[in-house]
Amino acid sequence: MNASVAPHDVRQHILDTAQVLIAGRGFTAVGLSEILKAAGVPKGSFYHYFDSKESFGEAMLKGYFSTYMDGLETLLAGPEPSAVDRLMRYWTQWLETQAHCDPHGKCLAVKLAAEVSDLSEPMRNVLQQGTDRIIARLAQALREAVAEGSLPPQPAPRDLATTLYQLWLGASLRAKITRDRAPLESALAATYQLLGLPPPGSH
């Protein structure tokens with residue numbers, strides 16, 4: 001990289017480069033040397049930006065969830081005519097991004113949850129806080145859909161949002177095992193059912 005690049009930009013470049021590698025192969029499988037070589041950053045400079053690989057992992061996850069929440073907000077404020085249409089767009093986009101092998105679109109919560117939750121308590125905390133934020137925003141979206149009348153009344157939106165998010169995490173893990181999209185398609189069908197909505201094409 002150009003030596004004149006600002007330190008913050010170098011730090012972010014390392015994080016961005018590493019996220020693609022780690023989304024494809026996992027946190028422990030990707031070494032610092034590989035990350036820095038891919039980023040074009042001298043090996044000795046890593047500790048100028050991060051205290052350890054664990055603190056680097058925390059920073060990567062925090063950045064991932066920040067970007068994820070921005071994308072979720074964009075989806076839930078999208079052009080679809082109703083709140084429930086925007087919510088369903090979130091799930092259909094999840095299906096499309098997780099059903100192929102491109103690591104650029106992979107969900108780090110799916111990829112790293114089991115691996116780093118046992119490896120690092122700080123990283124587990126970031127994962128918990130990040131997924132809690134997603135669930136809270138989904139619960140808000142459910143309340144908005146009920147309020148406008150596009151979704152039947154839901155007695156416990158937070159519980160339903162938690163169930164749906166966990167359903168999709170599980171389906172994503174299953175899809176990694178089966179290497180096909182069937183588990184995600186089943187999750188989408190179950191989502192319609194849990195929300196009390198008719199499946200597409202049933203009218």
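Residues in segment 149-154 carry Karplus couplings, in order, of x, 7, 9, x, x, 10 Hz; the curve used is 6.51 cos²θ - 1.76 cosθ + 1.60 with θ = phi - 60°, and Gly or Pro positions show x.
Taking the Cβ of Leu138 as the center, what net charge do the other residues with Cβ under 13 Å away carry, scoring Lys and Arg +1 and Asp and Glu -1? Result for the local shell: +2. What you get for segment 69-173, charging only the Cβ of Lys and Arg (+1) and of Asp and Glu (-1), is a dipole of about 80 debye around the Cα centre.
Compared with the dominant principal axis of the Cα atoms in the chain, helix 53-76 is inclined by about 30°.
Computed from the Cα positions only, the extents of segment 53-194 along the three principal axes stand at 48, 29, 27 Å, in decreasing order.
Using alpha carbon centroids, what distance separates segment 170-203 and segment 38-70, in Å? What the calculation gives is 33 Å, centre to centre. Candidates Gly149, Ala113, Thr28 compared by Cα position along the dipole of the chain: farthest toward the positive end lies Thr28, with charges placed on Cβ. Relative to the longest principal axis of the Cα atoms of the chain, the long axis of helix 121-148 makes an angle of roughly 30 degrees.
Can you give me the angle between helix 7-25 and the longest principal axis of the chain, using Cα atoms only, in degrees from 0 to 90, rounded to the nearest 10? Computed tilt is about 60 degrees.
Listing Val41, Val146 from fewest to most neighbouring C-beta atoms within 10 Å gives Val146, Val41.
Since every read-out is calculated from the coordinates, none of them should be taken as a lab result. Predicted model, so just to flag it, every value in this text is computed and none were measured. Glycine gets a Cβ as well: all are built from the backbone with ideal geometry, and neighbour counts include every protein chain shown.
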